[in-house]
Every structure is written in C-alpha cells, then in structure tokens.
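A quick write-up on the structure given underneath.
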Amino acid sequence: MPPNPAAPLPAGTQRRTPLFVNRPSDTIIITIDGPAGTGKSSVARALARRLGLDLLDTGAMYRAAAAIAIDRGIDLAYPDRIVAALEEADLHFDWAADPPVILAWTRPIDHRIRDEDVTAIVSQIAAIAPLREHMVRKQRVIWEQHPRLVAEGRDQGSVVFPHANIKFYLDASASVRAARRAGQLKAAGHDVDPQDLVAEITHRDQLDSTRAVGPLICPDDAVRIDTSDLSFDQVVDRLESIVHERVTGI
C-alpha cells in the first residue's frame, strides 16, 4: 500500500519512502530551505515567477500560527489549543494574489505576520510537534492541489517533500544576514543595532536547528548556495540555471 502523505511524522524522524508513488510525470516540486535572513522568500517568489510555478511560503504559515496564538491569548504551554485554533482558522492561501496571500478565517493575515512580537516567538511555535504535523499535512495537500510548486521553508526538502525534483539550501553568514535585516528595518523607519540582530539570528538558528521535529538541516542531496557575496539577481539566476539543467518539464 502506498504511504499515506497525511500520516503524522514521528518526532525527530525523516520520511525515507516516496510520498507520491504514482504522481503524474508533469508534476514538479522545487524546495528551497535555509535559515532566517538568507532571502528564501524573495528568491522563491522570483524563481516561481520565472519558471511559471506556484509559490508555497511555509514560513508565512508558521508566522500566521504565531500571530493567531498571540492574538487569541493562547499560551505556548497549551499546544493543543493552538492547533485547535489553527484548525478553526483553516489557514490557506489566496492563489489569485501575487504573491499568494495567507488567510485565516477567510480573512488576510499577511499584514500581521511580520510584526516583531510574531518574529519573537515563531521559532518556539515551529517547534511544537503536533502543530508541525498539522502544517506538514496541509503543505502536502497544497502540493496535491498545486502540483507545479516552489516550496520554501526550513524542512521542505528534508521532511515535507524529501523526493522533490530538486532541492536548494540557501545560507549566509550571521553578520551578512543581520546587515540585510538591519537595512530592511531602517528602510521601515526602525533604528536597530546590527550586533543585537546578529545575536538574535544566531539564537534563532540554534532553536531551529536543534528542535526535535523538523529541524533546520541541509538535505544530503540539496544544492547548497552561500548567498553572502551574491546579489539577489545572481542568486535567482543561479537557481534558475540549475533547475533548467536538471529538471525536465519546465
């Protein structure tokens, strides 16, 4: 019997058997993983546009979960309540928007998910095992509905789609990522200390890479790209070139 893509994953494990044994030959899944601040979301969006594929921003899903927990006053010590709220919210994307807008209770929540209080707890939210199992199921359903997809996040190539057509892992030094984030915040009118951001990013990396379920790792078969000394266009160009070299049907 083929494996059930909706089945929960045991804590700390990766699925090793094909998820979609009989998937049509024209389906495509490209994963982009990596730590915070490497430009995954922007790169994934640009790559999806160039290739004519849909975009799945899984980071937005976890941020939406964090926002819901905060706004509903649910303590992180009660993960079942958070998952129940997510089930009630029916997180999904408006695919008519570019990029797709994440919805909760049929209303856009994207305006909320980049706020500082959300950023402060999103790694803790993402470490909740039953919440991750819920998200993995939803992400696999999304792929079934949008079978030509670029999916970005922390565990897309390692856990959610281990048999993707091609996997990328973007990385950059903590100092470079902090400088990028400082530039974004200053452009938005916020005064920040880059050294504080280095410490914040390093702490988040530690949380993401050591959690028991779906930790941040570079899959063995991923193409690893250090973006520290590359411009945005150079990163997208390199990914697009590799995709065209290795993936048919695009």
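A short reminder: the numbers here are calculations on the coordinates, not readings from a lab. What you are looking at is a predicted structure, and each value in this text was computed from that prediction instead of being measured. Because the Cβ atoms are built from the backbone with ideal geometry, glycine has one as well, and the counts that use them run over all protein chains shown.
Restricting to Cα pairs below 8 Å that are 6+ residues apart, what does the relative contact order work out to for the chain? Please round to a whole percent.
32
Using only Cα atoms, figure out Rg for the stretch 120-250 and give it as a multiple of 2.2 N^0.38 Å. Walk me through the numbers before you get to the answer.
Numbers: Rg = 16.5 Å, N = 131, 2.2 N^0.38 = 14.0 Å.
Here the answer is 1.17, to two decimals.
In percent, how large is the relative contact order of the stretch 58-147, given Cα pairs closer than 8 Å and 6 or more residues apart? Numbers along the way, then the final one.
Details: 89 pairs, mean separation 29.4, N = 90.
Relative contact order for the stretch 58-147 comes out at 33 percent.
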Neighbour-count ranking for F93, F161, F232 (other C-beta within 10 angstrom, fewest to most) reads F232, F93, F161
Between the residues M135, L207, V247, the Cα farthest towards the positive end of the dipole of the chain, that dipole coming from +1 and -1 charges on the beta-carbon of Lys, Arg, Asp and Glu, is from V247
Excluding residues fewer than 8 positions from K138 in its own chain, the lysines with Cα under 25 Å of it are K40, K167
For V101, V136, V213, V160, ascending order of other Cβ atoms within 10 Å (fewest first) is V101, V213, V136, V160
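Direction-averaged shadow area of the convex hull around the Cα atoms of the chain, nm²?
Working: hull surface 53.2 nm².
The number I arrive at for the chain is 13.3 nm².
Rounding to the nearest 20 debye, state how big the charge dipole of the chain is about its Cα centre with +1 on each Lys and Arg Cβ and -1 on each Asp and Glu Cβ. Walk me through the intermediate numbers first.
Details: 29 positive and 35 negative charges, 103 e Å.
About 500 debye.
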With -39,500 (n - 2.57) per DSSP H segment of 4 or more residues and division by the full residue count of the chain, the 222 nm estimate, nearest 500 deg cm²/dmol, is -14500 deg cm²/dmol
Put in order of increasing Cβ neighbours within 10 Å, starting from the fewest, K40, K186, K138 give K186, K138, K40
The set of residues whose placed amide H lies less than 5 Å from the amide H of H163, leaving out same-chain residues fewer than 5 positions away, is L19
The answer for the net charge of residues other than Q124 whose Cβ lies under 13 angstrom from its Cβ, with Lys and Arg +1 and Asp and Glu -1, is +1
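Rg over Rh of the stretch 58-147, using C-alpha atoms and the Kirkwood radius, what does it come to?
Numbers: Rg = 12.3 Å, Rh = 13.1 Å.
Reported Rg/Rh, Kirkwood definition of Rh: 0.94.
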